[in-house]
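Mind having a look at this structure? Questions to follow.
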Amino acid sequence: MNKGKIFIISGPSGCGKSTVLGILLKKLDRYFFSISATTRAPRPGETEGKEYYFISPKKFLSMIDNNEFLEYTQYIGNYYGTPILPIYEHIDAGYDVFLDVEVEGHKNIKKKIPEAISIFIAPPSIEVLAERLRKRSTETEDKILRRLETAEKEMALADTYDYIVINDNREVAANELFAIIMNEKAKQCTVNRVGKEDNTL
């Protein structure tokens, strides 16, 4: 059985990443979506164990000390981290694993797992992103401005990813993501077939 592949998905807050991923995952059948742990408070409509594992800063720091994260980072005053054990369990079982992480998390994972495929989801422009953030009506203007400042820095690093997908239309963006994933899986199948043929020589 082939091992699964790791797909790293990043994008600035408000770019529509969660919506696009939701559409994408409905098109797939054998995958594991890694749920991050965070010390931030849940937003309206978020559920424990679905969007995130919401834990205390004390618990998060304990998990760091016990090497329980593949990566972790601090973002606008809160910690975010990727629990390591479920990822390797699912890869070994043949599941493709999707990681929704910040730009810093992407860099750290790529150092540890260079073969992971990274995809940056970007808004059409910073102006469109600002409009989307304000429409959410979940944060103060000060926090929105901080997110936009962070987003500009993140977007400047988009070319460090293997792929960039512009989310101007969520269905189109999801289809582009699906095409990337199918292409990468086809590469894996080709490599495996070549390896088997070589072994018969």
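The values are calculated or read from the model by the stated rules, or taken from the named source; none is laboratory data. Just so you know, these numbers come straight off a predicted model, no measurement behind them. Here the Cβ positions follow ideal geometry from the backbone for every residue, glycine too, while neighbour counts run over all protein chains shown.
Going through the range 48-78 one residue at a time, which ones are modelled with pLDDT under 90, of a type in the set (Val, Ile, Thr) and at negative phi?
THR73 - this is the single residue of the range 48-78 that is modelled with pLDDT under 90, of a type in the set (Val, Ile, Thr) and at negative phi.
Out of all the residues in the range 1-12, which are touching a strand residue (DSSP E or B) at 6+ places or on another chain (Cβ under 9 Å) and outside any strand (DSSP E or B)? Steps first, answer last, please.
Of the range 1-12, the ones touching a strand residue (DSSP E or B) at 6+ places or on another chain (Cβ under 9 Å) are 4-12.
Those that are touching a strand residue (DSSP E or B) at 6+ places or on another chain (Cβ under 9 Å) and outside any strand (DSSP E or B): GLY4, LYS5, GLY11, PRO12.
Contact list please: Cβ distance under 6 Å, first residue in the range 123-148 and over 15 Å from ILE166 (Cα atoms), second residue modelled with pLDDT under 90 and among the hydroxyl-bearing types (Ser, Thr, Tyr), pairs at least six apart or on different chains.
From the range 123-148, the pairs are ARG147/SER13.
Looking only at the range 69-86, count how many residues are under 15 Å from the mean Cα position of the chain (by Cα) and part of a strand (DSSP E or B).
Final tally of qualifying residues: 10.
Now for a different question. Being surrounded by fewer than 18 Cβ atoms within 10 Å (Cβ to Cβ), hydroxyl-bearing (Ser, Thr, Tyr) and within 29 Å of PRO42 (Cα to Cα) is true for just one of THR160, THR140. Which residue is that? Please lay out each step first, then the result.
Numbers: THR160 fails: within 29 Å of PRO42 (Cα to Cα).
Just a single option satisfies the conditions, and that option is THR140.
Right, here's the next one. Can you tell me which residue within the range 138-189, out of those that are touching a Ser or Thr at 6+ places or on another chain (Cβ under 6 Å) and of a type in the set (D, E, K, R), is nearest to GLU102 (Cα to Cα)?
That would be ARG147.
So, in the range 160-189, exactly how many residues are over 18 Å from LYS27 (Cβ atoms) and modelled with pLDDT of 95 or more?
Residues in the range 160-189 being over 18 Å from LYS27 (Cβ atoms) and modelled with pLDDT of 95 or more: 5 in total.
Please enumerate the residues belonging to the range 47-88 that are under 26 Å from ALA151 (Cα atoms), surrounded by 12 or more Cβ atoms within 10 Å (Cβ to Cβ) and charged (D, E, K, R).
GLU51, GLU71
Residue check: is LYS107 without any contact (Cβ under 8 Å) to a residue 60 or more places away in the chain, over 21 Å from THR38 (Cα atoms) and charged (D, E, K, R)?
No.
Continuing with the same structure: Would it be correct to say that ILE91 is in contact with an Asp or Glu (Cβ under 7 Å, 6 or more places away or on another chain), within 30 Å of ASN2 (Cβ to Cβ), surrounded by 16 or more Cβ atoms within 10 Å (Cβ to Cβ) and β-branched (Val, Ile, Thr)? Explain how you work it out, then say what you get.
Working: in contact with an Asp or Glu (Cβ under 7 Å, 6 or more places away or on another chain): no; within 30 Å of ASN2 (Cβ to Cβ): yes; surrounded by 16 or more Cβ atoms within 10 Å (Cβ to Cβ): yes; β-branched (Val, Ile, Thr): yes.
No, not satisfied.
Restricting attention to the range 24-33, does a residue exist that is of a type outside the set (Asp, Glu), part of a strand (DSSP E or B), under 21 Å from ASN167 (Cβ atoms) and touching a helix residue (DSSP H, G or I) at 6+ places or on another chain (Cβ under 7 Å)? Reasoning before the result, please.
Residues of the range 24-33 that are of a type outside the set (Asp, Glu), as a first pass: 24-28, 30-33.
Retained after the next criterion (residues that are part of a strand (DSSP E or B)): 31-33.
Filter once more, so that each one left must be under 21 Å from ASN167 (Cβ atoms): 31, 33.
Those left that are additionally touching a helix residue (DSSP H, G or I) at 6+ places or on another chain (Cβ under 7 Å): 31, 33.
Checking the range 24-33: at least one residue is of a type outside the set (Asp, Glu), part of a strand (DSSP E or B), under 21 Å from ASN167 (Cβ atoms) and touching a helix residue (DSSP H, G or I) at 6+ places or on another chain (Cβ under 7 Å).
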